[in-house]
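Notes for the one structure printed next.
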Amino acid sequence: KIRFGIFPQMIADLSSIALYRLDINMRSASVLGIVGTGAGGFGAVLILAVDGNQWPILATVLAIIIPMVLIVDTISSYLRSKLA
């Protein structure tokens, strides 16, 4: 009953939630790093580049973060629409 009845109904919802959390975690990793450098992640690199006036490093990190967030958002929204 669980394998053929409950599990197929749950898998779409669980996968959708997991993809949504991945999307949220990608975005919040940058924000947490900016707010507090102890959190690490890309945000810490961003804040250190701004504090040190290292504009090429800042531009490079932003050039990595923005497409990465857009790609993860696009993939997760596509997969969530297919699962629903």
### Query
Over the chain, one equal point on each Cα, no solvent: what is log10 I(q)/I(0) by the Debye formula at q = 0.12, 0.20 Å⁻¹?
-0.49, -0.87
### Query
Accessible surface of Asp73 in the full protein assembly, 1.4 angstrom probe, to the nearest 10 Å²?
50
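Normalised by the residues of the chain, what does the relative contact order come to in percent, with Cα pairs under 8 Å and at least six apart? It would help to have the intermediate numbers written out before the result.
On the way: 62 pairs, mean separation 25.9, N = 84.
In percent, rounded to a whole number, it is 31.
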### Query
Calculated from DSSP H runs of 4 or more alone, at -39500 (n - 2.57) each and per residue, what is the 222 nm mean residue ellipticity of the chain, nearest 500?
-29000 deg cm²/dmol
### Query
How much net charge surrounds Leu22 when only other residues with a Cβ under 14 Å from its Cβ are counted (Lys, Arg +1; Asp, Glu -1)?
+1
### Query
Roughly how tilted is helix 41-51, in degrees to the nearest 10 and between 0 and 90, from the longest Cα axis of the chain?
20
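Quick one: if the Förster radius is 25 Å, what FRET efficiency do Thr60 and Phe7 give, using the C-beta to C-beta distance and rounding to 0.05?
The value I calculate is 0.05.
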### Task
Any chance you could give the angle, 0 to 90 degrees and rounded to 10, that helix 7-35 forms with the longest Cα principal axis of the chain?
10
### Task
Calculate how steeply helix 55-83 sits against the longest principal axis of the alpha-carbon atoms of the chain, using the helix alpha-carbon long axis, and give the answer as 0 to 90 degrees to the nearest 10.
10
### Task
Compare Ala44, Ala29, Ala59 in a GNM of the chain, Cα atoms joined below 10 Å, and give the one with the largest fluctuation.
Ala59
### Query
Top to bottom by accessible area (1.4 Å), largest first, where do Val31, Val50 land?
Val31, Val50
### Task
Can you send over the solvent-accessible area of Thr74, 1.4 Å probe, protein chains only, in Å² to the nearest 10?
90
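The values are calculated or read from the model by the stated rules, or taken from the named source; none is laboratory data. Not measured: the values here are computed from a predicted model. Every residue, glycine as well, gets a Cβ built from its backbone with ideal geometry; the counts of neighbours run over all protein chains shown. Ligands, DNA and RNA are stripped out before the accessible areas are found, and what is left, the full protein with its side chains, is counted by its heavy atoms. Shrake-Rupley method; radii C 1.70, N 1.55, O 1.52, S 1.80 Å.
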